[in-house]
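All remarks here apply to the structure that follows.
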Amino acid sequence: MNVRLLKLPLAGETDIVLARKRTRRIAELIGFEAQDQTRITTATSEIARNALEHAKSGSIEFHISSTLVQQRLEIVISDRGPGIARLDEVLNGSVRSAGGMGVGLIGARRLMDDFAIDTAPNGGTTVRLIKYLPRRAPAIDQTAIKHITQTLAADTPANPVEEIQHQNQDMLLQFGELETRQEELSRINQELQETNRGVVALYAELDDRADHLRRADELKSRFLSNMSHEFRTPLNSILALSRLLLGRIDGELTGEQERQVQFIRRAAESLTELVNDLLDLAKVAAGKIVVTPSEFAAAEIFATLRGMLRPLLVGDAVMLTFEEPDDMPALTTDEAKLSQILRNFISNAIKFTEHGEVRVWASYDRDTDRVTFSVRDTGIGIAEADHEVIFQEFGQIANPIQRRIKGTGLGLPLSKQLAELLGGNVGLESAPGQGSVFSVSVPRLYRSAREPVDWSQRWQIEPGRLPVLVVEDDSADAFAIERMLAPSRYQPIVAHTVAEAREALALHRPAVVLLDIMLEGEETWRFLIELRQQNATADLPVVVVSSTAEESKAINLGADEYLGKPVDAEQLLRLLDRMTGQSSLVRVLLVDDEEVSRYLVRQLLPRGLYEINEAATGTEGLALLGNSPPDIVLLDLNMPGMDGFQFLERLSAVSDIPAIVLTSMILDGGQRVRLGRAAKILSKSDLSSSMLVVAIGDVLGPAGMAA
């Protein structure tokens, strides 16, 4: 359906006033909201004024047309004028009059949903403005069209003064709405600033608490380790003396005396077990347990456990069964620690199973290359709410059997930590009265026993970049530093251990070493001293990056600087520049008329590495060239007045400064020929920090970047 509602001639200023009034009235009758009415009226009057100014006359037609999906208002403005020369340049903004958007075509196109223009030299111009009806507006049928035409016919002739007053009222309403939105935006920004301050304060408090907890944990581990060693000596003496007494070395014991000595010995054995578990826990927490991988079969560890744990069975009420593993490849991990985990699982299963069976088996997952050992019992079971409790230190569950069989409450927590030390995890399936299944899953190959790493491939240095050795075991912290250095001249080489750091130093000489103090439980103070004592690394700049707040100790032991965590990107880059003598900035002249585009480029170029001067026009950019010559020019093409093509031509005449073009235009062959002076052409739609930094680096080269 395509129905013409009205046709108006354009012969003078009063016709434009009438066109505005009729357009507004039609938009209102069709069902457009007030804001859309203003948009349609403004676009129509702009194109009508163009037709009157350039062709002296014309006409406006209003149509209602339908597609398969939606109805639309179509406004056709025609004239018999000279046509529009350089139409493509007008539409892309290269040619724009001093009046800006009010002159017409670009502004009208932005205000409407669809826009088409047909023009020819001395053949006139036809502009089609299309606005789709709101989906919630009623459909326009023949009855509605008849009502619209009758209403338009009944309307009084236009009063120019009245229409101008109406137009001014619309503008005031629009300004009022913009002012309200601006106030709302200011209020939201204020709330965001307050929220940000609160978040910063919260992070500071969390950092303080984390540091306090870390120190408390270190003190606890040190205390447990020291006290465990102190307890062992008297306990060993008690066990040795009780063994002498029970062996009748110095004579017979009465029955009552033997019973008393056995009580003493059992108490000493229980206390020794507690001390051993505490010592193991302290060692794991402090990172002092050494994993010793060796190759063995699952059947071998089962044979050892079978002989070790059968004496725990009393009578025939409980059976201990080991299923022979079939077609399982050999493991390469710490056999003693894996055996300790399974020993804890099996001894607990036997203790808390009064009747039935304790069954042990192993399974292998080829996809993940992991082996899972499982221990199932028919004992009392554990409620789901208590599953986490039993893996906490000294966590025990009230039960008649628990009261009869004393334990330390440390076996399962220790098993969990040992499993994690081997790169695995523990699991539990249990319910009261249904028994339990404890499992431990570990990689078949312990990580240090895997294929050797080719460090030369992993740590390849890109041309023109300065290597920075980052010694950091925390993956999140290492990743954060890598992201900070990615757009800079510095290339991070990440080492997670001291051993890896030594490998890196053997391959490359870094410009700077960023050294964390705590690596997987080991302190790197000794490594720092080693760097200072060796001739090859004595003059290597070292920055200690840590949350230990031990700046004075770091400086005294030979560090050049200290940075607290979390690391600030700008502070880190400034420090690296100063320590490597790369502190001079790359001077960039950014010529772009769009403020948003200039802001984006400022954000993409890392602060502290680039000095950016901005120009909103080509003329302003040429003036800045004379006052403060840059190292490189970043240039937009689509600018009013002097466009990017003209700027490049003027630049070539006065200087050999390289230029990179940043544009959203789709360039044809002729335009690319005109841009032959440009060093690179980058699309604004694909622009990223790394792309821009790499492009500048390619154009300037290492010498230019350092100049």
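Brief remarks on what is shown
- Selection count, region 115-124, where residues are within 14 Å of Gly58 (Cβ to Cβ) and under 52 Å from the mean Cα position of the chain (by Cα): 3
- Residues (modelled with pLDDT under 85 and among the polar types (S, T, N, Q)) located in region 9-31: Thr14
- Elements of the type strands (runs of 3 or more DSSP E) sitting completely within region 305-392 and holding at least 1 residues that are among the charged types (D, E, K, R), free of Cβ contacts under 8 Å to residues at least 40 places away in the same chain and over 25 Å from Leu422 (Cβ atoms): these cover 356-365.
- Residue list for region 658-678, filter: modelled with pLDDT under 90 and either outside the structural domain of Glu620 (by TED's automatic domain parsing) or not in a helix (DSSP H, G or I) (or both): Thr663, Ser664, Met665, Ile666, Leu667, Asp668, Leu675, Gly676, Arg677, Ala678
- In region 335-383, of all residues being more than 40 Å from the chain's Cα centre (by Cα) and of a type in the set (Asp, Glu), the one that is nearest to Ser436 (Cα to Cα) corresponds to Asp377.
- The residues of region 8-17 that are buried (at least 17 other Cβ atoms within 10 Å of the Cβ) and farther than 22 Å from Arg72 by Cα, listed by number, are Leu10, Asp15, Ile16, Val17.
- The number of residues in region 622-642 being of a type outside the set (A, V, I, L, M, F, W, C) and either surrounded by 21 or more Cβ atoms within 10 Å (Cβ to Cβ) or modelled with pLDDT under 85 (or both) comes to 5.
- Hey, Glu595 more than 23 Å from Gly701 (Cα to Cα), of a type in the set (Asp, Glu) and assigned by TED's automatic domain parsing to the domain that holds Ser652 or not: yes
- Subset of region 640-677 (residues that are in contact with a helix residue (DSSP H, G or I) (Cβ under 6 Å, 6 or more places away or on another chain), touching a residue at least 40 places away in the same chain (Cβ under 8 Å) and closer than 16 Å to Asn92 by Cβ): Leu662
- Taking the conditions (1) charged (D, E, K, R); (2) outside any loop (DSSP other than H, G, I, E, B); (3) modelled with pLDDT under 85 in turn, Arg109 satisfies each one other than (3).
- Residue within region 173-191 that is surrounded by fewer than 10 Cβ atoms within 10 Å (Cβ to Cβ), within 30 Å of Thr23 (Cβ to Cβ), over 28 Å from the mean Cα position of the chain (by Cα) and at pLDDT below 80 present: no
Yes or no, residue by residue, for (1) under 23 Å from Lys680 (Cβ atoms); (2) without any contact (Cβ under 8 Å) to a residue 60 or more places away in the chain; (3) more than 33 Å from the chain's Cα centre (by Cα):
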position	(1), (2), (3)
Glu551	no, yes, no
Gly558	no, yes, yes
Asp577	no, yes, no
Val596	yes, yes, no
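- In this entry, Gly83 passes the filter for residues that are at pLDDT 85 or above, closer than 14 Å to Thr126 by Cα and in contact with a Gly (Cβ under 7 Å, 6 or more places away or on another chain).
- Qualifying strands (runs of 3 or more DSSP E) (wholly inside region 507-591; at least 1 residues being assigned by TED's automatic domain parsing to the domain that holds Pro467 and more than 30 Å from Ala678 (Cβ to Cβ)): 512-515, 542-546, 561-564
For every residue, the table says whether it meets (1) farther than 25 Å from Ala549 by Cβ; (2) modelled with pLDDT of 70 or more.
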residue	(1), (2)
Asp208	no, no
Met227	yes, no
Pro234	yes, yes
Leu245	yes, yes
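- Residue match in region 567-574 (condition: closer than 30 Å to Leu422 by Cβ and of a type in the set (A, V, I, L, M)): no
- Within region 525-540, being touching a strand residue (DSSP E or B) at 6+ places or on another chain (Cβ under 9 Å) and either at pLDDT below 85 or farther than 19 Å from Ala478 by Cα (or both) holds for Leu531, Arg532, Thr537, Leu540.
Yes or no, residue by residue, for (1) more than 22 Å from Asp141 (Cα to Cα); (2) touching a Gly at 6+ places or on another chain (Cβ under 8 Å); (3) basic (Lys, Arg):
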residue: Asp15; (1), (2), (3): yes, no, no
residue: Leu18; (1), (2), (3): yes, no, no
residue: Phe32; (1), (2), (3): no, no, no
residue: Ile40; (1), (2), (3): no, no, no
residue: Ile47; (1), (2), (3): yes, yes, no
residue: Ile75; (1), (2), (3): no, no, no
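The values are calculated or read from the model by the stated rules, or taken from the named source; none is laboratory data. This is a predicted model, so every value here is computed, not measured. We place every Cβ from the backbone using ideal geometry, glycine too, and count neighbours over all the protein chains shown.
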